[in-house]
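The values are calculated or read from the model by the stated rules, or taken from the named source; none is laboratory data. Predicted model only: the values in this text are computed from it and were never measured. Methodologically, a virtual Cβ is constructed for each residue, glycine included, from the backbone with ideal geometry; neighbour enumeration extends over all protein chains shown.
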Amino acid sequence: MSENKISLKAKKLEFGVDEAIKSLRTNLLYSGNLHAIAVTSTTAGEGKSTIAFELARSFADLGKRTVLIDCDLRKSMIANRYGVSERLPGLSELLSGQAQKIIFETNIDNLYMVLSGKNVPNPQALLTGERFNSFVDALKKSCDYIIFDTPPLGGMADALIVGKQTDGTLIVIRNDYVKKAMVRNVKRQIQQSGGKILGVVLNRVKKNQKDYYYKKNYGYYDK
Ligand SMILES: Nc1ncnc2c1ncn2[C@@H]1O[C@H](COP(=O)(O)OP(=O)(O)O)[C@@H](O)[C@H]1O
Ligand SMILES: [Mg+2]
């Protein structure tokens, strides 16, 4: 799929987090035909990128050919966070016609990455263009799972545009962090755009809340 390989410095997960991600993976595996999954949230800092990465890694661990696409073309931190130091072309270069080879094999078996590329101030025109659509269509034929990390939905519609290329969207909600009305608004926006909400990941639930949330949600919590 790609000629280049990048080396990701991924943290080892705590046992509880690992189990929660596996439970999320199992839910998605057995929820029917879900192969292209967007991850979004209301605001920044809720854990979208973390969960998108861990979910992608978790599918890859099962031997599923998985691509993580960093669709945060405004303020991506994925390359930086996972120690990708080379300045590699990514989605923004592909969508603006400046690069074609943007899928990189990683040091994690079965996990491929598409980095965001150079940040752009208004990515919506790029994301609505035909290039994105055909890129994702081709990936759907060659991969088992595609995970799309997106910017937050409160304030910009990028995640709705990305969501259209997917089988559904996961909403990450950081515990005790955002107002319910804002989350409801995000839910409404996704539904009105014709998108499917796959579920909610309640992130950063404290340990003493764990048992409750673990049963009721795809919990992903602090130690
Ligand atoms: N469950 C968690 N426990 C502890 N830290 C977390 C957890 N989820 C995310 N973080 C941290 O919170 C910060 C924001 O997470 P990130 O995934 O970048 O959010 P987003 O993509 O929604 O902006 C990062 O420093 C990340 O490492
Ligand atoms: Mg992010």
Practice problem: Would you confirm whether any residue within region 61-81 is of a type in the set (A, V, I, L, M), free of Cβ contacts under 8 Å to residues at least 12 places away in the same chain and out of contact with any Cys (no Cβ under 6 Å at 6 or more places or on another chain)? | Solution: no
Quiz item: Got a sec? Which of A44, A52 is out of contact with any Pro (no Cβ under 9 Å at 6 or more places or on another chain) and either of a type in the set (G, A, S) or within 18 Å of F104 (Cα to Cα) (or both)?
Solution: A52
Exercise. State whether the residues of region 77-85 include one that is away from ligand 1 (no atom under 16 Å from the Cβ), surrounded by 20 or more Cβ atoms within 10 Å (Cβ to Cβ) and closer than 17 Å to V162 by Cβ.
Key: no
Practice problem: Return yes when K118 is out of contact with any Gly (no Cβ under 6 Å at 6 or more places or on another chain), assigned to a loop (DSSP other than H, G, I, E, B) and not hydrophobic (A, V, I, L, M, F, W, C) and no when it is not. | Solution: yes
Quiz item: Take the residues of region 10-30 that are part of a loop (DSSP other than H, G, I, E, B) and at pLDDT below 90: which is nearest to Y112 (Cα to Cα)?
Solution: A10
Exercise. Taking the residues in region 29-67 that are under 21 Å from V84 (Cβ atoms) and acidic (D, E) as candidates, determine which candidate is farthest from ligand 2 (Cβ to nearest atom).
Key: D61
Quiz item: Only one of (1) in a loop (DSSP other than H, G, I, E, B); (2) more than 19 Å from L160 (Cβ to Cβ) is not met by L94, so which one is it?
Solution: (1)
Exercise. Working only within region 48-89, note down all residues that are touching a Phe, Trp or Tyr at 6+ places or on another chain (Cβ under 7 Å) and not in a helix (DSSP H, G or I).
Key: K64, T66, V67, L68, I69, C71, L88
